[in-house]
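Engineer: Next up is a structure, given as structure tokens.
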Amino acid sequence: MITHPDVENAILLLGHMPDHQGRIQEGTKIRVKCAARLYCEGVAPVVIPSGWYMPKDDTLRKFREAYIMERYLHEAFGNDIKTICEPYSTSVPENLLFTQALFPNLRKLAVVTGELFEERTRLLADMVFDGEVEVAIYTCSDGLSTVANEQRLKRNLECMLGNIAPGNLKILMADPDSEGNLRSGWTAMNEKHKHTCTLHPV
């Protein structure tokens, strides 16, 4: 795992799955545009495109939205924008956990996501960074979720995190796999919740 201890201030660009041809979704383009604007305004000197949509669908598994967003960012807004990809995370908790692992000296982080994802992202950022990183969340109308879906996911998240103290989510970090991909126990935790929680089924 290559870390970047020199990065103290960054823009974290949260991804979303591409289509089955590996093309970026229109809503994701809106997020990229927001990140490019923040970079050009001097909010941070580097953009971290983040994510790997890795479901059981083998076609989508081969695409990593971090790289897809990075390519679109440079094509649409210029190669002068500095980027460092986080291409391992398969969920919002992992977006934040793996960013923390790869950028251990972060002090400021601007997170770009959809407006409907804001509450869940803010809750997770508080849990992961526990005040050690100054987090600002920038949202845009990306159309990539619904109010009902986000309310359900936030309810489930609050249930899952109920007994975990802020800052302790890093215990979910696991050893990299044989190909060097970062991993966490979040998926297993989510699956356990799915099969055991009677109040908030996933």
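The values are calculated or read from the model by the stated rules, or taken from the named source; none is laboratory data. Quantities reported herein were computed from a predicted structural model and do not represent experimental measurements. Cβ placement follows ideal geometry from the backbone for every residue including glycine, while neighbour counts extend to all protein chains displayed. Note: areas computed on protein heavy atoms with side chains; ligands, DNA, RNA excluded. Shrake-Rupley method; radii C 1.70, N 1.55, O 1.52, S 1.80 Å.
Engineer: Would you check if residue 101 is open to solvent by less than 60 Å² (accessible area, probe 1.4 Å) and either more than 19 Å from residue 174 (Cβ to Cβ) or not in a helix (DSSP H, G or I) (or both)?
Structural biologist: Judged against the criteria, residue 101 is not a match.
Engineer: Need pairs with beta-carbon distance below 9 Å; first residue among the β-branched types (Val, Ile, Thr) and within the range 64-82, second part of a helix (DSSP H, G or I); sequence gap 6+ or separate chains.
Structural biologist: Partner pairs satisfying both residue conditions: 68/28; 81/35; 81/36; 81/39; 81/40; 81/73; 81/74.
Engineer: Considering only the range 8-22, state which residues are out of contact with any Gly (no Cβ under 6 Å at 6 or more places or on another chain), open to solvent by 10 Å² or more (accessible area, probe 1.4 Å) and either modelled with pLDDT of 95 or more or within 17 Å of residue 139 (Cβ to Cβ) (or both).
Structural biologist: Within the range 8-22, 8, 9, 16 qualify.
Engineer: Something else now. Look at the range 159-178 and say how many of its residues are in contact (Cβ under 8 Å) with a residue 60 or more places away in the chain, open to solvent by 30 Å² or more (accessible area, probe 1.4 Å) and under 20 Å from residue 119 (Cβ atoms).
Structural biologist: Final tally of qualifying residues: 0.
Engineer: Just for the range 106-122: of the residues that are open to solvent by 50 Å² or more (accessible area, probe 1.4 Å) and over 16 Å from residue 38 (Cβ atoms), which one is nearest to the chain's Cα centre (by Cα)?
Structural biologist: Filtering the range 106-122 for residues that are open to solvent by 50 Å² or more (accessible area, probe 1.4 Å) and over 16 Å from residue 38 (Cβ atoms), the one nearest to the chain's Cα centre (by Cα) comes out as 122.
Engineer: Now for a different question. Between residues in the range 184-196 that are among the hydrophobic types (A, V, I, L, M, F, W, C) and residues that are surrounded by 12 or more Cβ atoms within 10 Å (Cβ to Cβ), which pairs lie under 8 Å by C-beta distance while being six or more apart or on different chains?
Structural biologist: That search, which allows pairs on different chains as well, returns 186/91; 186/93; 186/94; 186/97; 186/172; 189/160; 189/172.
Engineer: For the range 55-65, indicate whether the set of residues that are open to solvent by 10 Å² or more (accessible area, probe 1.4 Å), out of contact with any Lys or Arg (no Cβ under 8 Å at 6 or more places or on another chain), closer than 21 Å to residue 135 by Cβ and not in a helix (DSSP H, G or I) is non-empty.
Structural biologist: no
Engineer: For residues that are of a type in the set (A, V, I, L, M), within 23 Å of residue 32 (Cα to Cα) and loosely packed, with under 14 Cβ neighbours inside 10 Å, tally how many sit in the range 137-153.
Structural biologist: Residues that pass the stated criteria total 1.
Engineer: Now a separate question. Assess whether residue 24 counts as being assigned to a loop (DSSP other than H, G, I, E, B) and either over 25 Å from residue 107 (Cα atoms) or among the basic types (Lys, Arg) (or both).
Structural biologist: yes
Engineer: Listed residues 181, 156; which is surrounded by 14 or more Cβ atoms within 10 Å (Cβ to Cβ) and within 22 Å of residue 10 (Cα to Cα)?
Structural biologist: So the residue among 181, 156 that is surrounded by 14 or more Cβ atoms within 10 Å (Cβ to Cβ) and within 22 Å of residue 10 (Cα to Cα) is 181.
Engineer: Answer yes or no as to whether residue 44 is hydrophobic (A, V, I, L, M, F, W, C), outside any helix (DSSP H, G or I) and within 20 Å of residue 137 (Cβ to Cβ).
Structural biologist: Yes, satisfied.
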